[in-house]
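To keep things clear, I will list the structure first and then write my remarks on it.
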Amino acid sequence: MLSKQQNKTLTNMKKFLSIFTLALLTFSFQSCEKYEITIGDDFMDDIQPIFVDKCSSCHPSLLPPDFTEGAVFNSLTQYNGGALIDKQTPEDSYILVKATDGHSSNDVSNGQKEAILSWIANGANKSN
C-alpha cells in the first residue's frame, strides 16, 4: 500500500508524463507539417536554392553545367540536350543520381531529392 505522499507523487508523475507526451506529439506533428511546407517543388523558391547551395561551388559559370543563381534552370533543362532530367521517368534523371551518389561531399538530403523528383515529375517548369 502506498502512503499519501507516494500517491501524490505518483499522480503528479502521471500528470507530467501526460503533458509531456501531449507536448511531444504536438511538436512532432508541427515538425512534419513544417517539413511538408518547406520542401516544395516551386523552382525559384525550392529547387534553384538546392543547386546553388550544393553545386555552384564546383559548377560555376566556367564549369558546365552552371549552377549559379539565375543559370540553374537553363542548365537543368538545356545542358547537353536536356540530358540531366528525364520527364518520362523522373526517378531515373541523371541529376538525381549525381546529386545523391557521393559525386561530392554536398549530396542533397532525402527531402531535397524528393523535392527535385516532384519538380521533374510535375513538368520541370520554371514557375508553377
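Where a number appears in this text, it was derived from the coordinates with a stated rule and is not lab data. Computed from a predicted structure; not experimentally measured. Using ideal geometry, Cβ is built from the backbone for each residue, glycine included, and neighbour counts are taken over all protein chains shown.
Ranked for footprinting exposure by Cβ neighbours inside 10 Å, fewest first, Y79, Y94 give Y94, Y79. Taking the number of Cβ atoms within 10 Å of each Cβ as an exposure proxy, the fewest-first ranking of V108, V72 is V108, V72. With a Förster radius of 25 Å applied to the beta-carbon distance between V97 and N122, the computed FRET efficiency rounds to 0.80. Assuming a ≥ b ≥ c are the square roots of the Cα gyration tensor eigenvalues, decide whether the range 55-110 counts as rounded (a/c under 1.5), prolate (otherwise, with a/b larger than b/c) or oblate. Taking the square roots of the gyration eigenvalues as a ≥ b ≥ c, the range 55-110 is oblate.
Within the straight-line cut-off of under 18 Å between alpha carbons, the lysines reachable from K126 are K87, K113, sequence neighbours fewer than 8 places apart in one chain being disregarded.
Only one residue of A121, N110, A83 has its Cα farthest out toward the positive end of the dipole of the range 43-121, where Lys and Arg carry +1 and Asp and Glu -1 on Cβ, and that residue is A83.
Length available on full extension from N110 to C58: 0.36 nm per residue minus the Cα-Cα distance, which gives 16.6 nm.
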